[in-house]
1. Is there a residue in segment 47-57 that is at pLDDT below 85, acidic (Asp, Glu), out of contact with any Gly (no Cβ under 7 Å at 6 or more places or on another chain) and loosely packed, with under 10 Cβ neighbours inside 10 Å?
2. Anything in segment 79-134 that is of a type in the set (A, V, I, L, M) and touching an Asp or Glu at 6+ places or on another chain (Cβ under 9 Å)? List them, or say none.
3. Can you find even one residue in segment 69-88 that is within 17 Å of Lys9 (Cα to Cα), out of contact with any His (no Cβ under 7 Å at 6 or more places or on another chain) and surrounded by fewer than 12 Cβ atoms within 10 Å (Cβ to Cβ)?
4. Condition first: among the polar types (S, T, N, Q) and under 18 Å from the mean Cα position of the chain (by Cα). Now tell me which residues in segment 82-138 satisfy that.
5. Taking into account only those residues within segment 97-118 that are within 16 Å of Phe74 (Cα to Cα) and of a type in the set (Gly, Ala, Ser), which is surrounded by the fewest Cβ atoms within 10 Å (Cβ to Cβ)?
6. Please work out which residue is nearest to Leu68 (Cα to Cα), limiting yourself to segment 98-138 and to residues that are of a type in the set (A, V, I, L, M, F, W, C) and touching a residue at least 40 places away in the same chain (Cβ under 8 Å).
Amino acid sequence: MFSVSKIYKVFFLSGLFALFIFSNAFPVLAAGEMANTIKGLGETYKAGYGVLPSSEPVDFYKKAGSILGIALSFIGIIFLGLMIYAGFTWMMARGNQQDADKAKELIQQAVIGLAIVLSAYVITKFVGEILTKSATGA
């Protein structure tokens, strides 16, 4: 089995990679908060170089969907990290069948985990669409 220190290294490197990727996502999430600030600058914004963000209230389902999308992106990054680690382990097995089998098992477990997460996403998306339709009365 994999040693605990190797697993910690994989999660640490995956976390650093996720932090690098998501460092650009947080300002996008804060854009809804910035809309109120920018709306106050409307008088100075009349030069016509852009369009002010809409002042519509934030929809709960849209916010939940964006949070779900970020969580699934993070899970995808973890999957990618596990696949790279397992592939590297398999490459470095150098004929050692036990190490190659461990790498194959890790790849299988990662793919099963990804299938579970994607099926949960599909179910959540389906239920979310039904709730959105019933909330809007369409």
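The values are calculated or read from the model by the stated rules, or taken from the named source; none is laboratory data. No experiment lies behind these values; they were computed from the predicted model shown. Neighbour counts run over all protein chains shown; Cβ positions are idealised from the backbone, glycine included.
1. yes
2. Answer for segment 79-134, where residues must be of a type in the set (A, V, I, L, M) and touching an Asp or Glu at 6+ places or on another chain (Cβ under 9 Å): Ala86, Met92, Ala93.
3. Within segment 69-88, one or more residues are within 17 Å of Lys9 (Cα to Cα), out of contact with any His (no Cβ under 7 Å at 6 or more places or on another chain) and surrounded by fewer than 12 Cβ atoms within 10 Å (Cβ to Cβ).
4. Ser119, Thr124
5. Restricting to residues being within 16 Å of Phe74 (Cα to Cα) and of a type in the set (Gly, Ala, Ser), the top hit is Ala115.
6. Looking at residues that are of a type in the set (A, V, I, L, M, F, W, C) and touching a residue at least 40 places away in the same chain (Cβ under 8 Å), I get Val117.
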